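The values are calculated or read from the model by the stated rules, or taken from the named source; none is laboratory data. Small disclaimer: the values here were computed from a predicted structure and weren't measured. Because the Cβ atoms are built from the backbone with ideal geometry, glycine has one as well, and the counts that use them run over all protein chains shown.
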């Protein structure tokens, strides 16, 4: 779409393609949400959106994606991509930036359908957006967080080179629980970079991300 070039941005790994969803992919994403993301007795998310009853849960998931597009500005953006494998949606992966052009800091969030968990796809999705952030947008550091017992998310962060970055209490279904923060610097990302990621269509999007074209000698240090 020429007037919103983010729709042309593609992140391709060995098994996945990440992109902004069109209406067909949004519908498929909603179907995956309806099949469940985690056991009912667990809550991995800081915002317990999966506790909503159906169809409110699915409708709010669509609104969340559409809102990320409608509210996008170069100083406050959320790239909310769906990840597909063999053409089927397996989950979502976002990349967030606030005043990114000035501070070069991003954060991430994601979920996978239950049928696709435990296969290393979460790590592959995160690696894809980190490639976009560090190698194409000039990020200096990436942040993530997860509840202390979210072994899957914390494991992805450790394998990608994140380091502990403090902890704090956060609400979890109305009660306080410990959230663990993690931080990945450019230097550690380069040392732990394992996944091959092809990024296409980014050139027309740089202004929307709040940056200009970056040559190899122009990356921030």
Which numbered condition residue 110 fails, given (1) in contact with a strand residue (DSSP E or B) (Cβ under 9 Å, 6 or more places away or on another chain); (2) under 30 Å from residue 185 (Cβ atoms); (3) at pLDDT 95 or above: (3)
Residue in the range 172-185 that is more than 19 Å from residue 111 (Cβ to Cβ), modelled with pLDDT under 95 and either surrounded by fewer than 19 Cβ atoms within 10 Å (Cβ to Cβ) or out of contact with any strand residue (DSSP E or B) (no Cβ under 7 Å at 6 or more places or on another chain) (or both) present: yes
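Looking only at the range 16-30, how many residues end up being farther than 23 Å from residue 151 by Cα and either assigned to a loop (DSSP other than H, G, I, E, B) or without any contact (Cβ under 8 Å) to a residue 12 or more places away in the chain (or both)?
Filtering the range 16-30 for residues farther than 23 Å from residue 151 by Cα gives 17-30.
Going one step further and asking which of them are either assigned to a loop (DSSP other than H, G, I, E, B) or without any contact (Cβ under 8 Å) to a residue 12 or more places away in the chain (or both), we end up with 20-24, 27.
Counting residues in the range 16-30 that are farther than 23 Å from residue 151 by Cα and either assigned to a loop (DSSP other than H, G, I, E, B) or without any contact (Cβ under 8 Å) to a residue 12 or more places away in the chain (or both) gives 6.
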Single unsatisfied condition, residue 158 versus (1) at pLDDT 95 or above; (2) closer than 27 Å to residue 39 by Cα; (3) touching a helix residue (DSSP H, G or I) at 6+ places or on another chain (Cβ under 9 Å); (4) not in a strand (DSSP E or B): (3)
Single residue of the range 34-44 satisfying the filter (in contact (Cβ under 8 Å) with a residue 12 or more places away in the chain and either within 24 Å of residue 180 (Cα to Cα) or in contact with a strand residue (DSSP E or B) (Cβ under 8 Å, 6 or more places away or on another chain) (or both)) that is surrounded by the most Cβ atoms within 10 Å (Cβ to Cβ): 37
Hits in the range 6-25 (condition: more than 15 Å from the chain's Cα centre (by Cα) and surrounded by fewer than 17 Cβ atoms within 10 Å (Cβ to Cβ)): 7, 8, 14, 15, 22, 23, 24
Subset tally (residues that are within 15 Å of residue 30 (Cβ to Cβ) and either part of a strand (DSSP E or B) or touching a strand residue (DSSP E or B) at 6+ places or on another chain (Cβ under 7 Å) (or both)) for the range 45-82: 3
Conditions (1) over 22 Å from residue 11 (Cβ atoms); (2) buried (at least 21 other Cβ atoms within 10 Å of the Cβ): number failed by residue 49: (2)
Residue 69, sole failed condition from (1) under 28 Å from residue 181 (Cα atoms); (2) without any contact (Cβ under 8 Å) to a residue 40 or more places away in the chain: (2)
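Would the range 124-143 turn up any residue that is over 18 Å from the mean Cα position of the chain (by Cα) and farther than 22 Å from residue 50 by Cβ? Can you show your working first?
Here is the first cut: in the range 124-143, the ones over 18 Å from the mean Cα position of the chain (by Cα) are none.
No.
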Top-ranked residue in the range 60-80 [being surrounded by 13 or more Cβ atoms within 10 Å (Cβ to Cβ) and more than 17 Å from the chain's Cα centre (by Cα); ranked as modelled with the lowest pLDDT]: 60
